[in-house]
Amino acid sequence: MIEDSIIRLFNKVMQENGIKSHSIENVSYVGGGDINNSIKIETMKGKYFLKYNDADLYPEMFEKEAKGLNLLKSSGQINVPNVIGYAEDEKNSILVLEYIESSLQSSSFFKDFGQSLAKMHNCSGNSFGLDHDNYIGNLKQSNKTHDNWIDFFVCERLEKQISLAKNNNLIDNTTIKKFQNLYNYLNDFFPIEKPSLLHGDLWSGNFMISSDGKACIIDPAVYYGHRLMDLGMSKLFGGFDKSFYDAYNEIYELENNWLEAIEICNLYPLMVHVNIFGAGYLNSVKSILRSF
């Protein structure tokens with residue numbers, strides 16, 4: 001049973017965004033995760049996707065997600081759901097998006113996806129980071145800007161997660177020292193490039209197949225960073241089809257050692273998993289550190 005307060009917030013979002021109130025025909029759950037609940041709202045004039053969570057636990061999460069989605073959409077290079085709006089009351093926060101009808105992937109799905117991502121990565125910022133912090137999963141993500149990628153990666157990505165893990169007794173001092181040793185060699189793996197617009201959490205669960213058979217990316221953790229971060233995340237849990245990477249490389253050529261570099265990139269999402277799900281993920285972190 002959907003709480004009345006969620007429907008009131010939905011109506012508030014619609015009114016604030018100039019969409020005339022119209023009767024709701026059906027409301028149904030469409031799944032969710034550890035953080036958010038998700039529902040489909042069908043009205044006389046359209047369908048909407050709404051997700052909601054505890055406003056106290058995750059302050060401004062949906063405001064930051066809406067900003068990220070709009071930034072990705074502004075690139076004009078890849079499918080992203082339209083943001084209708086967001087709102088909160090004393091209990092819940094909600095985000096309302098257009099409802100994406102899922103479909104079967106086209107025969108050129110991964111080729112088109114790879115090309116689109118490469119074009120999006122060609123959209124550049126002035127520095128590494130973003131003008132506001134946001135979230136990755138249920139963790140706050142620091143996006144303090146740096147002129148240098150290595151400084152940003154170490155200070156705002158790895159060290160933030162290491163500190164959190166240390167405070168929660170999830171990481172040992174030997175592993176921390178191996179991280180510190182790795183920092184001396186990072187310039188060997190990351191070619192100097194402009195800051196790319198990144199999805200920030202690009203694993204297989206964060207894209208859909210829209211009605212045109214092409215990829216539509218969702219649930220971002222947006223910032224301007226090294227493009228290998230997105231490619232690394234795409235391979236973390238099995239990887240995309242080979243045609244995705246081949247097509248990407250045709251548009252935005254990769255360095256010869258990119259497969260080694262993305263292993264280092266994935267230390268960040270793996271440490272995020274350590275801090276969200278526990279020390280079971282630390283073995284993967286240690287394995288990467290040993291290899292370098």
Here is a list: LYS73, LYS67. Which entry is surrounded by 14 or more Cβ atoms within 10 Å (Cβ to Cβ), in contact (Cβ under 8 Å) with a residue 12 or more places away in the chain and either β-branched (Val, Ile, Thr) or closer than 30 Å to SER124 by Cα (or both)?
LYS67
Kindly list the number of the only condition in (1) within 18 Å of the chain's Cα centre (by Cα); (2) acidic (Asp, Glu); (3) closer than 17 Å to GLN77 by Cα that fails for ASP212.
(1)
Among (1) farther than 14 Å from ALA118 by Cα; (2) touching a Ser or Thr at 6+ places or on another chain (Cβ under 7 Å), the one test that SER196 misses
(1)
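For the stretch 154-180, which residues satisfy the criterion of being outside any helix (DSSP H, G or I) and not aliphatic (A, V, I, L, M)? I'd like the intermediate steps shown before the answer.
Here is the first cut: in the stretch 154-180, the ones outside any helix (DSSP H, G or I) are 168-172.
Of everything in the stretch 154-180, those that are outside any helix (DSSP H, G or I) and not aliphatic (A, V, I, L, M) turn out to be ASN168, ASN169, ASP172.
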Long-range neighbours under 7 Å by Cβ, at least six apart or interchain, first residue among the hydroxyl-bearing types (Ser, Thr, Tyr) within the stretch 216-227, second assigned to a strand (DSSP E or B):
TYR223/GLY129; TYR223/LEU198; TYR224/PHE128; TYR224/GLY129; TYR224/SER196; TYR224/LEU197; TYR224/LEU198
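For the stretch 120-131, state whether one or more residues are outside any helix (DSSP H, G or I), touching a His at 6+ places or on another chain (Cβ under 8 Å) and surrounded by fewer than 20 Cβ atoms within 10 Å (Cβ to Cβ).
Of the stretch 120-131, the ones outside any helix (DSSP H, G or I) are 122-131.
Pick out the ones that are also touching a His at 6+ places or on another chain (Cβ under 8 Å) and you get 127-129.
With surrounded by fewer than 20 Cβ atoms within 10 Å (Cβ to Cβ) added as a condition, the list becomes 127.
Checking the stretch 120-131: at least one residue is outside any helix (DSSP H, G or I), touching a His at 6+ places or on another chain (Cβ under 8 Å) and surrounded by fewer than 20 Cβ atoms within 10 Å (Cβ to Cβ).
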Consider the stretch 194-234. How many of its residues are out of contact with any strand residue (DSSP E or B) (no Cβ under 6 Å at 6 or more places or on another chain) and surrounded by fewer than 19 Cβ atoms within 10 Å (Cβ to Cβ)?
7
For residues in the stretch 267-292 being of a type in the set (S, T, N, Q) and surrounded by fewer than 21 Cβ atoms within 10 Å (Cβ to Cβ), which is modelled with the lowest pLDDT?
SER291
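What residue, among those in the stretch 235-257 that are of a type in the set (A, V, I, L, M, F, W, C) and touching a Gly at 6+ places or on another chain (Cβ under 9 Å), is surrounded by the most Cβ atoms within 10 Å (Cβ to Cβ)? Steps first, please.
Keep residues of the stretch 235-257 that are of a type in the set (A, V, I, L, M, F, W, C), which gives 236-237, 240, 244, 247, 251, 254.
Cutting the leftovers down to touching a Gly at 6+ places or on another chain (Cβ under 9 Å) gives us 237, 240, 244, 247, 251.
Details: PHE237: 10, PHE240: 21, PHE244: 23, ALA247: 20, ILE251: 14.
My answer is PHE244.
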How many residues does the stretch 227-272 hold that are within 14 Å of the chain's Cα centre (by Cα) and part of a loop (DSSP other than H, G, I, E, B)?
2
Which of the following residues is small (Gly, Ala, Ser) and farther than 24 Å from ASN134 by Cβ: SER204, SER243?
SER243
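The values are calculated or read from the model by the stated rules, or taken from the named source; none is laboratory data. In this text, all values refer to a predicted model and were calculated from it rather than measured experimentally. Please note: Cβ atoms are built from the backbone with ideal geometry, for glycine as well, and neighbour counts cover all protein chains shown.
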